[in-house]
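Each value in this text was obtained by applying a stated rule to the coordinates, not by laboratory testing. Quick caveat, the model's predicted, so the values are computed rather than measured. FYI the Cβ positions are ideal-geometry reconstructions off the backbone, even for glycines, and counts take in every protein chain you see.
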Ligand SMILES: *Cc1c(COP(=O)(O)O)cnc(C)c1O
């Protein structure tokens, strides 16, 4: 008899987006004429840049010719891409990385979900609340947590509330934790940490021999000076941090799939005798066993993001979305809403008026303005009373949505 991995049974159904879909479908059935604008799901809408498309086409042509055909590539990724990443994304920050500290993958979602398997099952983990659900669910699946309680929180996870009183910045845990998930610029709140604030986390991790799993998927959206783009800008971070990055939001690769993870050689985990092991070696071992690399045309396309033309074009994409973010922010503020984020991230996190519940606000926004967003409660207990709008829509839809919120709500 095949037994089930009972850890999977601890997970609630994928409640958030299926519940949104259910409510939207019901509303459409009852109001077939309604013109719904979706500013909910975190997916991009603008096409790939011409430089990227050109590079991918050329790579496909190469694959179709005997002289230039390629089979399996290196599991860790092609050096032509890794070198460009180091040169363009880290050198300007004065962060030195070697080629074997960068691992190309098919997504930051899979990397952030998979990375936990390098850690002992008894490690204690901390996450921000609200949180990108992947960090939590992947640890539940592997058995690192207990069961879920009535507020939707799992036993054996330390939730760090990000609320107005602390400026939406996670407080250091009161107890000792071993694995810390941080995401900045943050999804869903759109907030960032300063270098000083991030330094506190690096110091904590060094004191406690913990590891920080730092998700920088939205790094390209940072507009303000002085906001760290990489955790490795912080002194000592090479000893305690891993960083996840992606071309998804940076260059519109959500459907193309390419990301990369930085694992410095100094980051260590320990056995029960206190003997240290390099996470870099372990991740290499894991990837070479369970992953066969990203396709050549996709890596060639990703490398084109760093060409002269590619850089310019990708910057335009980010600018387009950040102008949307500005439109949403300004529109909501002038309508009297309290808003967070949207300055260094494509997410606007708004406080619902009159302490309305997130899901009640969802219904009201859908019914009165025909705009769909994401209820904050879906990202964790501390998200209750908040609501997320994304800047990833088209300009036209963004402007129309804001006008409707101003006029009809
Ligand atoms: C979109 C997103 C990613 C990127 O995931 P990919 O698998 O690379 O598309 C990673 N982390 C967060 C928090 C995200 O919102």
- Message: Between residue 164 and residue 311, what is 0.36 nm times their sequence separation minus the Cα-Cα distance? Round to one decimal in nm.
- Response: 49.3 nm
- Task: Report relative contact order for the stretch 318-392 in percent, whole number only (criteria: Cα-Cα under 8 Å, sequence separation at least 6).
- Result: 31
- Message: If each residue of separation counts as 0.36 nm, what is the full-extension length gain between residue 408 and residue 4 once their alpha-carbon separation is subtracted?
- Response: 140.5 nm
- Message: Full-extension gain between residue 323 and residue 96, please, as 0.36 nm times their residue separation minus the C-alpha to C-alpha distance.
- Response: 78.5 nm
- Task: Kindly rank 132-142, 50-60 from highest to lowest mean number of other beta carbons found within 10 Å of each residue.
- Result: 132-142, 50-60
- Message: Using only the Cα atoms of the chain, what are the Rg and Dmax in Å?
- Response: 21.5, 67
- Item | Ellipticity estimate at 222 nm from DSSP helix runs (n ≥ 4, -39,500 (n - 2.57)) divided over the chain, nearest 500 | -10500 deg cm²/dmol
- Taking the mean number of other Cβ atoms within 10 Å as a proxy for protection, how do you rank 100-109, 384-393, 318-327 from highest to lowest? 384-393, 100-109, 318-327
- Query: How far is it, in nm, from the label point at residue 197 to the one at residue 381 when both lie 7 Å from their Cα along the line to the Cβ?
  - Reply: 2.2
- In what order do 247, 17 fall by count of nearby beta-carbon atoms within 10 Å, going from fewest to most? 17, 247
- Estimated inter-spin distance, residue 395 and residue 270, nm [label 7 Å along Cα→Cβ]: 5.6
- How many angstrom separate the Cα center of the stretch 322-379 from the Cα center of the stretch 211-257? 25
- Rounded to the nearest 5, the percent of DSSP beta bridges in the chain running antiparallel is 55
- Peptide ranges 61-73, 177-189, 256-268, 216-228 listed from the most packed, as the mean C-beta count within 10 angstrom indicates: 177-189, 256-268, 216-228, 61-73
- Note on the structure: Mean separation of Cα contacts under 8 Å (at least 6 apart) over the residue count of the stretch 54-306, i.e. the relative contact order in percent, is 25
- Message: Could you check the spin-label model distance between residue 15 and residue 63? Points 7 Å from the Cα along Cα→Cβ, value in nm.
- Response: 4.1
- Be a star and scan the stretch 8-22 for residues whose amide nitrogen sits under 14 Å from the point 7 Å along the Cα-to-Cβ vector of residue 155. 10-11
